[in-house]
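Right, one structure below, let's go through it.
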Amino acid sequence: MSVQAYVWAMGQNAGGPLEKLVLLTLADWAAMDGVWQFNDEKLTAFCECSSANLESAIHTLQLRGLLVAVGGALQIAYSEGGEPRRGTTGGIRKWSISKARRFAIYSRDGHCCIYCGSEENLSIDHIVPRSKGGTDDEQNLATACRSCNSSKRDRDLIDWRGA
C-alpha cells in the first residue's frame, strides 16, 4: 500500500491500541486496490494477540467504517488519492440509500419513527443491524428518528428494548 494509505490509517480514530495496530498492519499489507485477504493466524501472530481479541478489534474497525467486507475479503476504507472508498465518508459508514428509496420507506412508515412516533429528524434504521448480518432490503429498513436510531446503535430490537 502507499505511504498515503499508511498516513491515512495513522490519522484514524480506530479505538484502542490493538485496533490501531490492526488497521496500520492491514494498510501496510493491503494490495494496491486496498483488499487484504483475511489470514487470522498471520495477523494474530504479528499483533501478538488472541484470535478473540483480533476478532473484537476487526469488529470495532468495521463498526467505525474503517474496514468493510467485500466478497469475503476485508478492505480498508482508504483509496488512492485520499478519497474515502465508496461506502465511507471520513471513516464513518455512509451506505447509499437513494433519496427515492428513502422517501418510499418514509411513506410506507407514515413519515414518523416506528419506535416512538416522532415526525422530526427522521433517518433510516436497519432493523437487524448490518454488523449482525442485516441487509439493505426494504423489509429490514425502517423510519426512525435520530434519537431512537442512535440509541439503538448496532443492537437488534430485542437487545435494544431489553436495555
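Values computed for the structure shown
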read-out	value
Count of residues meeting criterion [in contact with a Cys (Cβ under 7 Å, 6 or more places away or on another chain) and under 17 Å from Ile97 (Cα atoms)] in segment 107-122	2
Any hit, segment 48-68, residues being modelled with pLDDT under 80, out of contact with any Gly (no Cβ under 8 Å at 6 or more places or on another chain), surrounded by fewer than 17 Cβ atoms within 10 Å (Cβ to Cβ) and not assigned by TED's automatic domain parsing to the domain that holds Gly133	no
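The values are calculated or read from the model by the stated rules, or taken from the named source; none is laboratory data. Just so we're clear, the structure is a prediction, and the values are computed from it rather than from any experiment. So basically every Cβ, Gly included, is an ideal-geometry build from the backbone, and we count neighbours across all protein chains shown.
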